[in-house]
Amino acid sequence: MQNQQQSIQGILSIAALICLAIGWFNFFSPEINHLLSRKVFYVLIGASFFIQAPLLTNKNFVYAMYAAAGICVIGAFLPEDSKLSALKTIGLLGGIILSLSNRRR
């Protein structure tokens with residue numbers, strides 16, 4: 001079960017990176033590029049963090065990872081001109097830090 005969750009988490013992460021790259025290199029119309037790189041990317045990363053949370057070895061970080069996942073997803077749906085739209089970046093950074101701090105040595 002854990003290997004399956006890791007595979008799904010990896011696929012979601014790669015899909016998120018593809019969405020980000022598509023937005024950077026402007027493969028489609030500006031609207032589609034914006035949607036993929038600023039909305040879908042954060043939703044996929046949030047889903048990846050959500051799946052990764054129960055796999056963390058340090059159980060103190062599990063709820064923090066769920067929070068980072070939720071912040072990424074919620075932030076993706078906030079208006080771009082909102083002051084709260086920076087939440088998605090905070091969730092992304094938090095999830096990355098938690099993920100890196102959880103690596104086995």
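The values are calculated or read from the model by the stated rules, or taken from the named source; none is laboratory data. Only a predicted model underlies this, so the values are computations on that prediction, with no experimental measurement involved. Glycine also receives a Cβ, built like all others from the backbone with ideal geometry; neighbour counts cover every protein chain displayed. To get the accessible areas, we keep the full protein, side chains included, count just its heavy atoms, and leave off ligands, DNA and RNA. Shrake-Rupley method; radii C 1.70, N 1.55, O 1.52, S 1.80 Å.
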*Filter the chymotrypsin sites (Phe, Trp or Tyr not before Pro) in the stretch 16-58 down to the DSSP loop ones having no more than 15 other Cβ atoms within 10 Å, then list what survives.*
Phe27, Phe28
*Solvent-accessible area, 1.4 Å probe, carbon plus sulfur percent, for the stretch 17-105*: 71
_Stretch gain in nm, segment Ser82-Ile18, where the contour uses 0.36 nm per residue and the Cα spacing is subtracted_ = 20.4 nm
*asked:* Could you tell me the relative contact order of the chain? Use alpha-carbon pairs under 8 Å, at least six residues apart, and round to a whole percent.
replied: 23
*Please build a GNM for the chain, connecting alpha carbons under 10 Å apart, and tell me which residue among Lys59, Lys83, Lys39 fluctuates the most.*
Lys83
*Across bins of 10 angstrom width beginning at 0, how are the C-alpha pair distances of the chain distributed, in whole percent?*
17, 45, 29, 9, 1
_Based on alpha-carbon centroids, what's the gap between the stretch 82-96 and the stretch 1-70 in Å, whole number please?_
13
